[in-house]
1. Does Leu18 meet the test of being open to solvent by 50 Å² or more (accessible area, probe 1.4 Å), out of contact with any Ser or Thr (no Cβ under 9 Å at 6 or more places or on another chain) and within 19 Å of Ala81 (Cα to Cα)?
2. Name the residue that is modelled with the highest pLDDT, counting only residues in segment 25-44 that are open to solvent by 60 Å² or more (accessible area, probe 1.4 Å) and closer than 23 Å to Phe83 by Cβ.
3. Under 25 Å from Gly15 (Cα atoms) and at pLDDT 85 or above: is that true of Val145 in this structure?
4. Any chance you could count how many residues in segment 105-115 are in contact (Cβ under 8 Å) with a residue 40 or more places away in the chain and either in contact with a Lys or Arg (Cβ under 6 Å, 6 or more places away or on another chain) or part of a strand (DSSP E or B) (or both)?
5. Would you mind telling me which numbered condition in (1) more than 23 Å from Val135 (Cα to Cα); (2) within 20 Å of the chain's Cα centre (by Cα); (3) not small (Gly, Ala, Ser) Leu75 fails?
Amino acid sequence: DRNMNSGWGGGLGFGKMLDEHFNVELKGFYQNLSGDNGNGNADYEGGEAEVQYYFMRDTFSPYTVLGLGGMNTRLNGTNAASFIGEAGAGFTYEVSDNFLIRGDVRYRYNQNFNANLQDGTNEFHDMVVNLGFVVPFGPKPQPVVVAEAPAPAPTPVADCSTMDDD
């Protein structure tokens, strides 16, 4: 949608593992893209809050992600603040206890609120591919262990040898 053909970017996020399935994360990002047809270079910087749902936690852990945030676009001397929403799917691969590889593919919706950065639209639909790493801090959450109810005490058996004759 943006008439851009190549570029690079980076980001940094801080997150929290909530339980066996959910993570939350706050992240910031920067991207620089080169334009087609004399469109010029564009810089995108922004941030978002997201929730990740892990289907399972193992060495290879697939997940889905939903995020909402904001982005500033600089294109040919014009700045535009905008809303973004992302949805996607990815995975983490645990290389060691404190180092994971993470990759995902996301659809990004971007609304530039009449900034007119590109003729004909203020709404963009992007595909974003992320590849990075995760360094967990602190102890891993422990699985919830459901304790079994203790077995009932055995019923005492009467010993007739100590009783009288009747």
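1. No.
2. Checked segment 25-44; the qualifying residue modelled with the highest pLDDT is Leu26.
3. No; evaluated as a whole, the condition is false for this residue.
4. 1
5. Tallying (1) more than 23 Å from Val135 (Cα to Cα); (2) within 20 Å of the chain's Cα centre (by Cα); (3) not small (Gly, Ala, Ser), Leu75 fails exactly one: (2).
For every residue, the table says whether it meets (1) open to solvent by less than 40 Å² (accessible area, probe 1.4 Å); (2) in a strand (DSSP E or B).
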site: Asp58; (1), (2): no, no
site: Ser61; (1), (2): yes, yes
site: Leu68; (1), (2): no, yes
site: Met71; (1), (2): yes, yes
site: Arg74; (1), (2): no, yes
site: Ala81; (1), (2): no, yes
site: Ala89; (1), (2): no, yes
site: Thr92; (1), (2): yes, yes
site: Ile101; (1), (2): no, yes
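The values are calculated or read from the model by the stated rules, or taken from the named source; none is laboratory data. The model shown is predicted, which means the values in this text are computed figures rather than measured ones. Using ideal geometry, Cβ is built from the backbone for each residue, glycine included, and neighbour counts are taken over all protein chains shown. With ligands, DNA and RNA removed, areas are computed over all heavy atoms of the protein, side chains included. Shrake-Rupley method; radii C 1.70, N 1.55, O 1.52, S 1.80 Å.
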